[in-house]
1. May I ask you to derive the relative contact order of the chain, considering only C-alpha pairs under 8 Å and at least 6 residues apart, and to give it as an integer percent?
2. Which value, in debye to the nearest 20, describes the size of the charge dipole of the chain about its Cα centre when Lys and Arg Cβ atoms bear +1, Asp and Glu Cβ atoms bear -1, and nothing else is charged?
3. So what J values fall out for region 108-125 if you push phi through Karplus, 6.51 cos²θ - 1.76 cosθ + 1.60 with θ = phi - 60°, rounded to Hz, Gly and Pro as x?
4. In Å and on Cα atoms, what radius of gyration and Dmax does region 49-134 show?
5. Summing -39500 (n - 2.57) over the DSSP H runs of n ≥ 4 in the chain and dividing by its residue number, what mean residue ellipticity at 222 nm do you reach, to the nearest 500 deg cm²/dmol?
6. Could you calculate the FRET efficiency of Lys26 with Glu69 from 1/(1 + (r/R0)^6), where r is the beta carbon distance between them and R0 is 41 Å, rounded to 0.05?
7. Can you give the Rg and Dmax of region 13-57 based on its C-alpha atoms, in angstrom?
8. Considering the dipole of region 116-182 built from charges on the beta carbon (Lys and Arg +1, Asp and Glu -1) around the Cα centre, which of Phe156, Pro118, Ser143 is farthest to its positive end?
Amino acid sequence: MIIEQPPYLFRALYPKAIWRMSPKEKAVYLTFDDGPIPEVTPWVLDLLDKYQIKACFFMVGDNVKKHPEIFQMVKERGHLVGNHTFNHIRGYEIQGIRYLKNIEETNELIHSPYFRPPHGQLRRNQSLVLHRKYKVIMWDLVSRDYSNKLNGEQVFKKVRKYARNGSIIVFHDSLKAEKNMKYALPLSIEWLLAQGYAFKTFE
């Protein structure tokens, strides 16, 4: 549960970050990390189109630079984009100014007010600076589709177990997560819709 749905003490480390939207509204917020890449992201976009769902894609700047046409595709399909650093770096491992420059390198490409730190790692000083410019979006439910210790059915079970009103749900449009995500995402969407959840974005 510590990974899938962070406990209060972990959330309290970043009190200004957004971990969950309104618990009073039967809605969830679908997000994708680590793209965009041509092998996976277009498949996700087609699936979202099928269900008329909008999401937020937290993008790695290096992938945007390599695949600008996929970045444009995400935008043209009406989805939000967010900053996930340029090199998917951990805030605990990089000193403040280098970390912030890495984020700004991505911002120059995508121009987004949303930021999500890879692995949820931020130093306190990094967090204080980032909140001046960005809405820091964390999560309420990580599907763990990237894990090689889980299969697609187990990923789907985690969505069923932890989804709740206001959940910000994380999947990954990456090669590492591709197999589990392609199995679990359609089932998760169908199940969430059957439970009466609406899909919303941060705007």
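1. Values: 381 pairs, mean separation 65.5, N = 203.
Here the relative contact order equals 32 percent.
2. Working: 31 positive and 21 negative charges, 174 e Å.
Computed charge dipole of the chain: roughly 840 debye.
3. Whole-Hz 3J(HN,Hα) from phi for region 108-125: 5, 8, 10, 6, 10, x, 9, 9, 10, x, x, 6, x, 9, 9, 6, 4, 5.
4. Taking only Cα atoms of region 49-134, I get Rg and Dmax of 13.3, 43 Å.
5. Working: 8 runs with 80 residues, N = 203.
Taking each H run of at least 4 residues, the total per residue is -11500 deg cm²/dmol.
6. On the way: r = 36 Å, r/R0 = 0.88.
Using R0 = 41 Å, I get an efficiency of 0.70.
7. For region 13-57, the Cα radius of gyration and maximum Cα-Cα distance read 13.6, 38 Å.
8. Pro118
Just so you know, all these numbers are worked out from the coordinates, no wet-lab data involved. All values derive from a computational prediction rather than experimental measurement. We place every Cβ from the backbone using ideal geometry, glycine too, and count neighbours over all the protein chains shown.
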